[in-house]
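Scroll down for the structure; my scribbles are underneath it.
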Amino acid sequence: FLNKANHIIRGESFDTRIEVPLTLDDDELFLLFKMAHERDITLNEMVEIVLQEAIDREKSVNSIES
């Protein structure tokens, strides 16, 4: 938050994405590394994809229930 606030104050561009702390066990981390490798992308990009899919799935379930 402070990093983004400093950029705003200085009128500089900044990354508008949020940071989400994750705790992953070794098996989960290995699986994500393997999935990222298969897609030839970085681990961060793979985590972003997985999180976005989870968010989209949750939105879909919630919209059906409403």
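The values are calculated or read from the model by the stated rules, or taken from the named source; none is laboratory data. What you see is a predicted model; the values in this text were computed from it and never measured. Note that we place each Cβ from the backbone using ideal geometry, even for glycine, and neighbour counts take in every protein chain shown. Ligands, DNA and RNA are excluded from the accessible area calculation, which covers all protein heavy atoms including side chains. Shrake-Rupley method; radii C 1.70, N 1.55, O 1.52, S 1.80 Å.
Solvent-accessible surface (1.4 Å probe) assigned to GLU28 amounts to roughly 90 Å².
The alpha carbons of the chain occupy a box of 40, 38, 22 Å along the principal axes, longest dimension given first.
Average accessible surface for the chain: 92 Å² per residue, computed with a 1.4 Å probe over protein heavy atoms with every protein chain in place. Which stretch or stretches of the stretch 13-28 have amide N atoms under 11 Å from the point lying 7 Å from VAL50's Cα along the Cα→Cβ direction? Residues passing the 11 Å test: 22-28.
In whole percent, and with a 1.4 Å probe on the protein chains, what portion of the accessible area of the chain is carbon and sulfur? Before the final figure, lay out each step's value.
Numbers: 3440 of 6080 Å².
Result for the chain: 57 percent of the exposed heavy-atom area is carbon or sulfur.
Accessible-area rank, largest first, for ASP26, ASP15: ASP26, ASP15, with all protein chains present and a 1.4 angstrom probe.
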